1. In deg cm²/dmol, rounded to 500, what helix-only [θ] at 222 nm does the chain give when every DSSP H run of at least 4 residues adds -39500 (n - 2.57) and the total is split over its residues?
2. Counting each pair of different Cα atoms once, what's the Kirkwood radius of the chain in Å, rounded to one decimal?
3. What order do you get for 135-142, 38-45 when each peptide is scored by the mean count of other beta carbon atoms within 10 Å, highest first?
4. Between residue 78 and residue 161, what is the FRET efficiency for a Förster distance of 35 Å, r being their Cβ-Cβ separation, to the nearest 0.05?
5. Let me check the size of the stretch 74-161 from its C-alpha atoms; what are the radius of gyration and Dmax in Å?
6. May I ask you to compute the full-extension gain from residue 153 to residue 96, defined as 0.36 nm times their residue separation minus their alpha-carbon distance, rounded to one decimal in nm?
7. Pick from 29, 46, 79: which is most flexible by mean-square fluctuation in a GNM of the chain where alpha carbon atoms under 10 Å apart are linked?
């Protein structure tokens, strides 16, 4: 007679989790490095110590937001009274997008399919990132991107919360 073994008794406990199973959760930004084609490392556009979270839901939804920690506050608490300079500084010190995601286990990349974005030109695009898990850290690395006229590779390291 075969006796079923319950999950509480350890079914799958010895099986390593797939990458797809490791993504869901909330992750806090640890570092953001940008490498140029000549190997130089430059500071990210949101300063040396940006703050950020990225969230992955098991159903295939994702969201990311990153900001400068020193963004100036508006003079008024009424958003509609913001001066153009305040709006410009707020926009320049923040980025965010959300949409769906899909993990390619074999080639070790995730695709973010953007449905909403602080930058309107990103809406409807796919953002590919190569991933690596190390304990409770997730590294996401872009393929070479041409931004502001230069090829760049962005590497963001996230810590699971």
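1. Details: 2 runs with 13 residues, N = 161.
That calculation yields -2000 deg cm²/dmol at 222 nm.
2. Kirkwood hydrodynamic radius for the chain: 17.9 Å.
3. Highest mean packing first, the order is 135-142, 38-45.
4. 0.60
5. 16.6, 51
6. 18.6 nm
7. Fluctuation is largest for 79.
Throughout, read-outs are computed from the coordinates displayed, never taken from laboratory work. Keep in mind the model is a prediction, meaning the values are calculated, not measured. Quick reminder, even Gly has a Cβ in these numbers, built from the backbone with ideal geometry, and neighbours come from all protein chains shown.
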